[in-house]
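The values are calculated or read from the model by the stated rules, or taken from the named source; none is laboratory data. Keep in mind the model is a prediction, meaning the values are calculated, not measured. Positions of Cβ are generated from backbone atoms using ideal geometry, with glycine treated the same way; all protein chains shown enter the neighbour counts.
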Amino acid sequence: MQTTGPNRDRAPSASSQPSAGPEKLPGIRHIIAVASGKGGVGKSTVSVNLALALQQAGYRVGLLDADIMGPSIPVMLGLPTGEQPEMTADQKIVPAQRYGLKAISMGMLTGDDSPAILRGPMVGKYLKMFIGSVQWGQLDYLIFDFPPGTGDTQLTLAQSVPLSGAIVVTTPQDVSLKIARRGLRAFETLSVAILGIIENMSTFTCPHCGEETDIFRRGGGERMSSELGVPFLGAIPLDADIVTGGDEGRPIVANKASSVAAKAYVAIATELASRLEALPTTALGAFIWNWETNEGEPAWMERSVRPMGSPTTPVGFRRRDPRTLSVLWEDGRSDDFDVRDLRLACPCALCVEEMSGRPLLNPKSVMPDVAPHAITSAGNYAIIFRWNDGHSTGIYSLKHLRALAESFAAKVVEDV
Ligand code: ADP
């Protein structure tokens, strides 16, 4: 299966584009962070089963348990703990192999009890070791089970690894969603593309009567996706077999492939793989654009315009003059944005109250000659402005940019 998997010879896509981030790891096409705002939402369970579902689809997959303080992957995969790992001649750690996956976890190195004694610099040291010193070989996907939360450890990790993007796992409860939203914003701040949201512990189907119950409510993940303009990858039902399988080292995708839950993981894996394969290779690619000198200006590709093109895919950015950003969209529309209008429309948490959408930015506080220092691409879904008033937390999703263009145009019509 390993040699006949899909896309073996296809050129790598987004992660090989020029980027301001950390260097690509040799031999690994896509590194995907699986994250959550808090523990206990099923992030590690999703990491394991998603990795297995990708592996079963023929991809070469590695799984890295970065949850240094509470590693659970060894138990979930039934791996031995507390044994010295095998080393290669050049002192690289040989990952364990289970169900066709390559896996490495702090728990395998230290046993179940000791990780909690690791503190501060030690955590950093082990994380670096994980990242650089494991003999992964050639991988299509490295699934990176992040520690829960959005603190320093997570930010260090996201900055030290060339992620293709992050998946955020949440349960349908309000509190969990609120926390997941915060996690999502943390990734956005670091310009890590959000590949999608997975809602875990969704509907419970009674194994006896087949009746469906939404124990933790339902649909929150999907709502959050549409609110934030990020993809919804799917929902995993609440299933007692997931718990048993996890506790006994028999993950449900490997052990009960015909179950509803296993099929949900497979569907999510398919969706994820197709999203990663479709990351833009034709559009503008990554850019870091110095607005003042116009160095690094992205392309303006009129030939890419198509009548049925996407309304949220730009095929051109241009500095029309120092105060005007022009955008050409794939569907042929072009828009001229006054840069101060864009500054006033910043969607970040400092400028707009996260939950209510209430504006926090006082337009009077924004100087008339505000302009970008630089504009950079964030994955394939957003651009980030660094402004000459020091503001730099605004990530403008392409969807947001297009909506702004339409609302500005509507306002001009109204004013006439
Ligand atoms: P996290 O990594 O977010 O801390 P875990 O993956 O360790 O969470 O899962 C926490 C607990 O929830 C585990 O006992 C796991 O078996 C259970 N669990 C995870 N997903 C589901 C699900 N869809 N249905 C039922 N139990 C689940």
Under 8 Å by Cβ, and 6 or more places apart or on different chains, what pairs join a residue from segment 40-65 that is touching a residue at least 60 places away in the same chain (Cβ under 8 Å) and within 15 Å of LEU142 (Cβ to Cβ) with one that is acidic (Asp, Glu) and away from the ligand (no atom under 16 Å from the Cβ)? LEU54/ASP140; TYR59/ASP140; ARG60/ASP140; VAL61/ASP140
Using the structure shown, decide if LEU350 is of a type in the set (A, V, I, L, M), touching a residue at least 12 places away in the same chain (Cβ under 8 Å), under 24 Å from SER226 (Cα atoms) and exposed (fewer than 14 other Cβ atoms within 10 Å of the Cβ). yes
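Across segment 90-103, what is the total count of residues that are modelled with pLDDT of 90 or more and either of a type in the set (A, V, I, L, M) or touching a His at 6+ places or on another chain (Cβ under 8 Å) (or both)? Lay out the reasoning, then the answer.
If we filter segment 90-103 for residues that are modelled with pLDDT of 90 or more, which is where we start, we get 94-103.
Of the ones still in play, those that are also either of a type in the set (A, V, I, L, M) or touching a His at 6+ places or on another chain (Cβ under 8 Å) (or both) are 94, 96, 101, 103.
The total comes to 4.
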From the set of residues in segment 33-56 that are within 11 Å of the ligand (Cβ to nearest atom) and in a strand (DSSP E or B), which is modelled with the highest pLDDT? VAL34
Scanning for something modelled with pLDDT under 90, within 16 Å of the ligand (Cβ to nearest atom), in contact with a helix residue (DSSP H, G or I) (Cβ under 9 Å, 6 or more places away or on another chain) and assigned to a loop (DSSP other than H, G, I, E, B), does segment 116-131 turn up at least one residue? no
Within segment 289-306, track down each residue that is modelled with pLDDT of 85 or more and more than 29 Å from the chain's Cα centre (by Cα). GLU292, THR293, ASN294, GLU302
Per the list (1) aliphatic (A, V, I, L, M); (2) touching a Phe, Trp or Tyr at 6+ places or on another chain (Cβ under 9 Å); (3) within 16 Å of the ligand (Cβ to nearest atom), residue check on LEU272 breaks on (3)
Selection from segment 235-267 of residues outside any loop (DSSP other than H, G, I, E, B), farther than 20 Å from LEU79 by Cβ and either away from the ligand (no atom under 12 Å from the Cβ) or not assigned by TED's automatic domain parsing to the domain that holds GLN55 (or both) yields LYS263, VAL266, ALA267
All but one of (1) assigned to a loop (DSSP other than H, G, I, E, B); (2) within 13 Å of the ligand (Cβ to nearest atom) hold for TYR59, so report the exception by its number. (2)
Across (1) at pLDDT below 75; (2) over 24 Å from LEU54 (Cβ atoms); (3) surrounded by 24 or more Cβ atoms within 10 Å (Cβ to Cβ), ALA180 clears everything bar (2)
